[in-house]
Amino acid sequence: MEAVGFGASTQRANEELQRNEEEYRQQNDLAKKLGFGTADVMLELGKIFGELAQKKGTNLESIISQIRNAHLPSVNGFPPEYPIDIDRLVQKAGENIKNAPITIYKTTERTIRVTRYSAESKEYLRSTYTHSNNELFCQICGKAMPFRDRSGNPYFEQQPLFCDEHKEHVEDYIALCPTCSAKFDVYIVKPKKFEQIHQQLRISPENSDGVFAISIELDEQKEYTIKFAHSHILFLHQICTQRTHPDWFLVEYLPSYSPELNPVEQCWHYMKNVAMVNFVPMCRKQLEAKAEEAVQAINADPILLPSFFQHAKLKL
C-alpha cells in the first residue's frame with residue numbers, strides 16, 4: 001500500500017493543518033504583544049487602514065501617523081501635531097513676514113501710583129514670614145517658595161489687600177508663590193473683590209491652633225485661606241477698622257458679658273420697666289406702635305438719653 005502511495009495525501013493534509021495552526025498561533029501571540037485581542041482583529045484593522053489609505057490617496061504609514069498624533073500623548077509634553085508640509089510652512093511664514101503691519105507708537109498721558117511701598121513692604125514680608133532655615137512659605141497654599149533669587153533669598157511675589165486708598169502701609173500686602181499670586185491677581189485684584197477680605201479683617205482676629213487665617217474664593221472648585229502672623233493680622237485689623245470709620249468716629253470694643261457698659265442696654269431696661277411696664281398688646285401692630293412711642297419719648301427727653309451714656313461711663 002505504501003508502494004502505491006496509499007495515505008500520502010492524508011499525511012500531507014495533516015502536516016499542512018499543523019503548519020497553519022502553528023502560524024495562526026504565532027500570529028495570535030504577536031497580536032497580543034501589540035495590544036490586539038486576536039490575530040483576526042489585527043488583520044481586520046490592517047484591512048480597514050489599507051482601504052482608508054486607498055480612499056484618501058495616501059499610504060498606510062501616513063494614516064497611522066495621523067492617528068498616533070491625534071490620540072497619543074507627545075513625548076516632549078507639547079500638543080501632538082499633524083504631519084507638516086515644510087515647503088508650505090516656509091511659504092506661509094514668508095507671506096506673514098511680508099504682510100505684517102507696522103508697529104505704531106503713540107504718546108499718551110496717564111496717572112500712575114508712585115507711592116507704593118514696594119521695597120519696604122517686601123522686606124517686611126520677608127522678615128515676618130521667613131523661617132530660621134531661610135525658607136519662606138506661601139500665605140495661601142502653605143508651600144515653600146519654588147526657587148531663590150540671585151541673592152539666595154526665597155523668591156516670592158507680593159499682592160495688595162487694599163486698592164484705591166488714600167493711605168498705604170508696608171503691612172498692606174501678603175507674600176505669595178507665583179501660582180497663588182497669579183490666581184489672586186485674576187480673581188481678587190483685577191476685579192477689585194477685596195470686600196470679602198475686609199469684612200473678615202474688621203472682625204477681631206481669632207486664634208485657631210496658633211493660626212490666624214481668613215477665607216477667600218479664588219475659583220469655584222475650592223475654598224482657600226490666607227494665613228497670617230499674629231502681628232501682621234492685628235495691624236491689618238486696625239487698618240480696616242480705621243478705614244471703615246471717619247477720623248472723628250471712635251470705636252470702643254466692649255468686653256464680653258458686660259451689658260452695663262453698653263448704653264443701649266439701659267435704653268432697653270427703661271423701655272421694659274418704665275415706658276412699657278404692664279403693657280399687654282393684643283397684636284404685633286400694637287406692640288410696634290407702643291415701642292415706637294417709647295423711643296420717641298426717649299429721644300425727646302434732653303436728660304434721659306445722655307444718662308444712659310453716663311451710666312456706662314462713656315463721654316458724648
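Descriptive notes on the structure:
- Environment charge at Q286 (Cβ cut-off 15 Å; Lys +1, Arg +1, Asp -1, Glu -1): 0
- Point-to-point label distance, L89-E120, nm (Cα→Cβ direction, 7 Å offset): 5.4 nm
- Counting neighbouring beta carbons within 10 Å and listing from fewest to most, the residues Y270, Y105 come out as Y105, Y270.
- Amide H contacts for T225 (H built 1.01 Å from N in the peptide plane; partners 5 or more residues away or on another chain; cut-off under 5 Å): I216.
- The ranking of F228, F36, F309 by Cβ neighbour count inside 10 Å, starting from the fewest, reads F309, F36, F228.
- Packing-based exposure ordering (other Cβ within 10 Å, fewest first) of S258, S121, S151: S151, S258, S121
- Potential lengthening between Y24 and E293 on full extension [0.36 nm per residue; Cα-Cα distance subtracted]: 86.5 nm
- Three semi-axes of the equivalent ellipsoid, segment 118-244, Cα gyration tensor, whole Å, largest first: 22, 17, 15
- Whichever lysines have a C-alpha closer than 29 Å to that of K55, once near sequence neighbours (fewer than 8 apart) are set aside: K32, K47, K92
- Ranked packing of 288-298, 16-26, most packed first, by mean Cβ within 10 Å: 288-298, 16-26
- Under 5 Å from the amide H of F212 lie the amide H atoms of F228, each residue being 5 or more positions distant or on a separate chain, with H modelled from the backbone and absent for Pro and chain starts.
- In sequence order, calculated HN-Hα J values of segment 276-288 (Karplus, 6.51, -1.76, 1.60; Hz; x Gly/Pro): 10, 5, 6, 7, 10, x, 8, 7, 5, 4, 4, 5, 5
- Length gained when the stretch K32-V274 is fully extended (0.36 nm per residue, less Cα-Cα span): 77.6 nm
- Between the beta carbons of K222 and N262, assuming R0 = 45 Å, the FRET efficiency works out to 0.65 to the nearest 0.05.
Values in this text are rule-based calculations from the coordinates and carry no lab data. Computed from a predicted structure; not experimentally measured. Quick reminder, even Gly has a Cβ in these numbers, built from the backbone with ideal geometry, and neighbours come from all protein chains shown.
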